[in-house]
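A.B. asks: Supplied in structure tokens, the structure appears directly below.
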Amino acid sequence: MRTGLAITTALTAAAALCSCASNETGASAAGTSSSSALQGTISGIGSSAQGSAQDAWRQAFQQANSDVTVNYDPQGSGAGRTAFMAGGAQFAGSDSFLKPEELAGTFKSCKPGTKAIDLPDYISPIALVFNVSGVTSLRLDSGTIAGIFSGKIRKWNDPAIVALNKGETFPSTTIDAVHRSDKSGTTNNFTDYLNKTAPSVWPQAASDVFPFTSGDGASGTSGVVSAVKNGKGTIGYADLSKAQGLSIAKIKVGSAYVAPTARGAAKVVGTSPVDTGREANDIAVKVNRTTTDPSEYPLTLVSNLIVCQTYADPSIGSLVKAYVTYATGTAGQQASAKAAGSAPLTGALAAKVAAAAATIR
């Protein structure tokens, strides 16, 4: 069989160009030298939140494995899962794990009769970014956030916002709440947080599709960031790694207001359970959104690499296994922490992911 499945010509050309440039940077991938005999091409599509991490992983992995090309197109989590299931990519990046109805479907790259698995690879806080003239500090509780993004709170000087921000002066500017227009795992995490912490205001369950028509939609993390930065009276949600240069709100956790940090994200994931109703190697972390510990940041995403447990083409399985092992291992997690400010996998979760990655065939 071919070493890679066909994807669009434009995607292949652009990604290959990106991969070649990565091979020329002189980066090293500690721990991957034993895989230096690998050769071939694998392609992934998915999460834009983990785009910077994927760039760092591909660069280091290709440097250590000069006959391997790894492509990654950050089209969004929903697009990644769809492409992977259809056989248009050999792995997907997704900020939400596979749903039961997706697991019940077929996966074209996988050996017939086998399924895909989710492997956490990237832990990062979601930042509420805003651009309001004259406002440099913003504190919000989940009920107020839900009111803003559902369209119930429409002005920046609304009493609900003013009450949480004593000493700050807010204009009467109309709020422009920017959400993802594409199917997004970041949206899934954001809506899950609102549903778990403010169900009376946000009764809608977690979803990759933003459930309201209020505000403005933008495609991808970069689209949200651009819309907030270039708009007036804007607020949006984005992975912290993409929020540089924008003002960032603090959210209420317990009785304190907390800024997004990798440390806070790591802490909440460390106290969060793993779904026990899935296959042994399918690891789905259910982030504890209702924590009251201010050292934890509950508006956090755990992004995943979605791969086959067993590939139809064993040579592809070997490449994916090596790449996943590197990305989720100590060296890969240090690389993504440096490139994207993410929180490395640690402790029991890191061990569980390593054991699952070792079973990829």
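Read the figures in this text as sums done on the coordinates, not as results from a lab. Keep in mind that what you see is a predicted model, and the values were worked out from it rather than measured. Cβ placement follows ideal geometry from the backbone for every residue including glycine, while neighbour counts extend to all protein chains displayed.
A.B. asks: Evaluate Rg over Rh across segment 249-361, taking Cα atoms for both radii and Kirkwood's formula for Rh.
C.D. replies: Working: Rg = 15.8 Å, Rh = 15.3 Å.
On the Cα set of segment 249-361, Rg over Rh gives 1.03.
A.B. asks: In segment 196-237, which residues have a backbone nitrogen under 20 Å from the label point lying 7 Å from residue 173's Cα in the Cα-to-Cβ direction?
C.D. replies: Only 214-218, 223-237 pass the distance filter.
A.B. asks: Same structure again: Determine the gain in length on full extension of the stretch residue 315-residue 351; use 0.36 nm per residue of separation and subtract their C-alpha separation, reporting nm with one decimal. Mind showing how you got there, number by number?
C.D. replies: On the way: separation 36, 0.36 × 36 = 12.96 nm, distance 2.52 nm.
That pair, residue 315 and residue 351, stretches by 10.4 nm at full extension.
A.B. asks: Based on alpha-carbon positions alone, could you give the equivalent ellipsoid semi-axes of the chain from the gyration tensor, as √(5λ), descending, whole Å?
C.D. replies: Details: eigenvalues 262, 80, 70 Å².
Working through the eigenvalues yields semi-axes of 36, 20, 19 Å.
A.B. asks: How much length is gained on full extension from residue 209 to residue 154, taking 0.36 nm per residue of separation minus their Cα-Cα distance? Before the final figure, lay out each step's value.
C.D. replies: Values: separation 55, 0.36 × 55 = 19.80 nm, distance 2.16 nm.
Separation in residues times 0.36 nm, less the Cα-Cα distance, equals 17.6 nm.
A.B. asks: Calculate, for residue 361 and residue 293, the FRET efficiency according to 1/(1 + (r/R0)^6) with r their C-beta to C-beta distance and R0 51 Å; round to the nearest 0.05. Provide the component values of the computation, followed by the final result.
C.D. replies: Details: r = 40 Å, r/R0 = 0.79.
Given R0 = 51 Å and the Cβ-Cβ separation, E is 0.80.
A.B. asks: Separate question: Just to confirm the number: angle between the C-alpha axis of helix 330-340 and the first principal axis of the chain, 0 to 90 degrees, nearest 10?
C.D. replies: The helix 330-340 is inclined about 40 degrees to the chain.
A.B. asks: Moving on. So for segment 125-267, Kirkwood radius off the Cα pairs, Stokes-Einstein at 25 °C and 0.890 mPa s: how many µm² s⁻¹? Numbers along the way, then the final one.
C.D. replies: Numbers: Rh = 15.0 Å.
It diffuses with D of about 164 µm²/s by this estimate.
A.B. asks: Could you give me the ³J(HN,Hα) list for segment 252-262, computed from phi with Karplus coefficients 6.51, -1.76, 1.60 and θ = phi - 60°, whole Hz, x at Gly and Pro?
C.D. replies: Each residue of segment 252-262 in turn: 7, 10, x, 9, 10, 10, 10, 8, x, 9, 5 Hz.
A.B. asks: If you don't mind, there's one more thing I want to ask. For a quick check: with amide H placed at 1.01 Å from N, whose amide H comes under 5 Å from residue 216's, ignoring anything fewer than 5 positions away on the same chain?
C.D. replies: 177, 178, 179
A.B. asks: Where does helix 9-23 land angle-wise versus the long Cα axis of the chain, in degrees 0 to 90, nearest 10?
C.D. replies: That works out to roughly 80 degrees.
A.B. asks: Taking H as built 1.01 Å from N, whose amide H comes closer than 5 Å to the amide H of residue 239, not counting residues under 5 places away?
C.D. replies: Residues meeting the amide H criterion: 127.
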